[in-house]
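The block underneath contains the structure these notes are about, expressed in structure tokens.
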Amino acid sequence: QVQLVESGGGSVQPGGSLRLSCAASGITASSYCMGWFRQAPGKEREGIATIFIGGSSTYYADSVKGRFTISQDNAKNTAYLQMNSLKPEDTAMYYCAADPGIRGWLCDTSAGFGHWGQGTQVTVSS
């Protein structure tokens, strides 16, 4: 059974930084698609970034491009989301997702991810 556990959320001031982690277990494939999403109260879920584990492809939504960086550590089976220059509009619950069935060239936030974590809260306010 695939399990994803997010951590690293918290409360920061505008312009601050946070690094989110997503620890994965139960994935036997050597290559798979992982992504970060967020959802604020009363709003639809928004795709943030994806990375194809075992490859070099990454994808970023325009709203975070240049500020957020997605990366992974194969040895630790963990994906990261480095968030810099945070804005109040970044406030949301952040979720990671994964799916070994998504091909590398289709690994973006529109993909149908089959596995989701429980989320970690990010709050950006003065």
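The values are calculated or read from the model by the stated rules, or taken from the named source; none is laboratory data. Keep in mind that this is a model prediction, so the values were computed, not measured. When we count neighbours, we look across all protein chains shown, and the Cβ atoms used for this are built from the backbone with ideal geometry, even at glycine. SASA here: full protein model, heavy atoms, side chains in, ligands and nucleic acids out. Shrake-Rupley method; radii C 1.70, N 1.55, O 1.52, S 1.80 Å.
If the requirement is being among the hydroxyl-bearing types (Ser, Thr, Tyr), more than 19 Å from PRO14 (Cβ to Cβ) and open to solvent by 70 Å² or more (accessible area, probe 1.4 Å), which of these qualifies: TYR80, TYR59? Checking each option against the conditions leaves just TYR59. PHE52 meets the stated requirement of being modelled with pLDDT under 95 and surrounded by 16 or more Cβ atoms within 10 Å (Cβ to Cβ).
Annotation: of all residues in region 20-44 being exposed (fewer than 14 other Cβ atoms within 10 Å of the Cβ) and farther than 23 Å from GLY104 by Cβ, the one that is nearest to the chain's Cα centre (by Cα) is GLU44.
Tallying residues that are of a type outside the set (A, V, I, L, M), assigned to a strand (DSSP E or B) and within 22 Å of SER125 (Cβ to Cβ) within region 49-108 yields 4. Taken over region 111-126, the criterion of being assigned to a strand (DSSP E or B) and either of a type in the set (Gly, Ala, Ser) or open to solvent by 50 Å² or more (accessible area, probe 1.4 Å) (or both) is satisfied by HIS115, TRP116, GLN121.
Taking region 64-77 as the range and being more than 16 Å from CYS107 (Cα to Cα), open to solvent by 60 Å² or more (accessible area, probe 1.4 Å) and either at pLDDT below 95 or not charged (D, E, K, R) (or both) as the test, the residues that pass are GLY66, ASN74, ALA75, LYS76, ASN77.
Within region 29-48, residues that are on the phi < 0 side of the Ramachandran plot sit with their Cβ atoms under 6 Å from residues that are at pLDDT 95 or above and of a type in the set (Asp, Glu), at 6+ positions apart or across chains, in these pairs: ARG38/GLU46. Residue count for region 93-110 under the criterion of being among the hydrophobic types (A, V, I, L, M, F, W, C) and open to solvent by 50 Å² or more (accessible area, probe 1.4 Å): the result is 3.
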